[in-house]
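Asks: Quick one: this structure, given as structure tokens, is what I'll be asking you about.
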Amino acid sequence: MSDKLPDFLVLEQALERINADHTASEAQGMACGMLAVQRETRLVQWLKQVLPSAADAQDVYVQEAAKMLTQLFEHAKNSLNSNELAFEMLLPPEEFDLDERVYCLQQWCQGVAFGVAASGLKTLTDLKPTAKEWFEDMVKIGASGEMDVTDEDESEAAFEELKSFLSVGILMFNEENQPIVGKPHQAQDTLH
């Protein structure tokens, strides 16, 4: 399985074909939210949240979407737990209107909130202060409504700042909840 992030437009269209309730950005946010609280979250647990309950596993469109969603989940899992500390959000490309990119950024935030709730976190008081503060800010961004784009350059800069805040923040949120430890040394089988 490739560790590459799926193409936004291709995944978005695949989700539309199967009448999924979630956008591509929201699906990635859900994976991040679930994994940041429970690293052991299994793909099948997340897919149950993303794919429509009436989805027929034999349907070619469902199989297509499930394949890309699997790639998305693996990318999120690997990115959150990598020592490289780099995270790429699944958002529309820059050619899209800023309004549409902001909407998808907000969908990503709503997905994270949904994923955190689906992971079983009972209350925000269970979070460390830094993680709780970021999470509350992220929820506000997800619920903030439309962005004023009268000054396009200023709006674009504000969007990039939000994107950076969220990308770095999800890594911090994950680390606060589940500190990354070095890979365990695996003994190699040897023949004597």
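The values are calculated or read from the model by the stated rules, or taken from the named source; none is laboratory data. Bear in mind that the values here come from a model prediction, so they are computed numbers and not experimental data. Neighbour counts run over all protein chains shown; Cβ positions are idealised from the backbone, glycine included.
Asks: List the residue pairs whose Cβ atoms are under 8 Å apart, where the first residue sits in the range 85-100 and is under 17 Å from F165 (Cβ atoms), the second is loosely packed, with under 11 Cβ neighbours inside 10 Å, and the two are 6 or more positions apart or on different chains.
Replies: Once the first residue is under 17 Å from F165 (Cβ atoms) and sits in the range 85-100, its partners that are loosely packed, with under 11 Cβ neighbours inside 10 Å give L98/E152.
Asks: Consider V37 against the criteria (1) among the hydrophobic types (A, V, I, L, M, F, W, C); (2) crowded, with 18+ Cβ neighbours inside 10 Å; (3) more than 15 Å from the chain's Cα centre (by Cα): it satisfies all of them except one. Which criterion is unmet?
Replies: So V37 meets the others, but not (3).
Asks: Same structure again: I'd like to check something: does the range 58-69 contain any residue that is within 27 Å of G120 (Cβ to Cβ), under 14 Å from the mean Cα position of the chain (by Cα) and of a type outside the set (F, W, Y)?
Replies: yes
Asks: A further question on this structure: State whether one or more residues within the range 111-133 are modelled with pLDDT of 95 or more and either among the acidic types (D, E) or touching a Pro at 6+ places or on another chain (Cβ under 8 Å) (or both).
Replies: There is at least one residue in the range 111-133 that is modelled with pLDDT of 95 or more and either among the acidic types (D, E) or touching a Pro at 6+ places or on another chain (Cβ under 8 Å) (or both).
Asks: Determine which single condition A57 fails, assuming it passes every other condition in (1) over 24 Å from G142 (Cα atoms); (2) touching a residue at least 24 places away in the same chain (Cβ under 8 Å).
Replies: With (1) over 24 Å from G142 (Cα atoms); (2) touching a residue at least 24 places away in the same chain (Cβ under 8 Å) applied to A57, the lone miss is (2).
Asks: So, one more: Take the residues in the range 154-171 that are loosely packed, with under 15 Cβ neighbours inside 10 Å and of a type outside the set (D, E); name whichever of them is farthest from P129 (Cα to Cα).
Replies: So the residue we want is A157.
Asks: Residue under question is M34, and the condition is that it be over 20 Å from P92 (Cα atoms) and at pLDDT 95 or above; does it hold? Break it down into steps so the answer makes sense when it comes.
Replies: Numbers: over 20 Å from P92 (Cα atoms): yes; at pLDDT 95 or above: yes.
The answer is yes for M34.
Asks: While we're here: Could you grab me the full set of residues in the range 98-129 that are among the polar types (S, T, N, Q) and part of a loop (DSSP other than H, G, I, E, B)?
Replies: S119, T123
Asks: Give all pairs with beta carbons closer than 7 Å in which a residue from the range 136-159 that is within 14 Å of D97 (Cβ to Cβ) and at pLDDT 80 or above meets a residue that is surrounded by 11 or more Cβ atoms within 10 Å (Cβ to Cβ) and hydrophobic (A, V, I, L, M, F, W, C); count only pairs at least 6 apart in sequence or on separate chains.
Replies: Within 7 Å, the pairs are S155/L98; S155/M147; S155/V149; E156/L98; F159/L98; F159/V102.
Asks: Checking the structure you have, find out if any residue of the range 78-94 is within 30 Å of A158 (Cα to Cα), more than 18 Å from the chain's Cα centre (by Cα) and of a type in the set (D, E, K, R).
Replies: Scanning the range 78-94 turns up at least one residue that is within 30 Å of A158 (Cα to Cα), more than 18 Å from the chain's Cα centre (by Cα) and of a type in the set (D, E, K, R).
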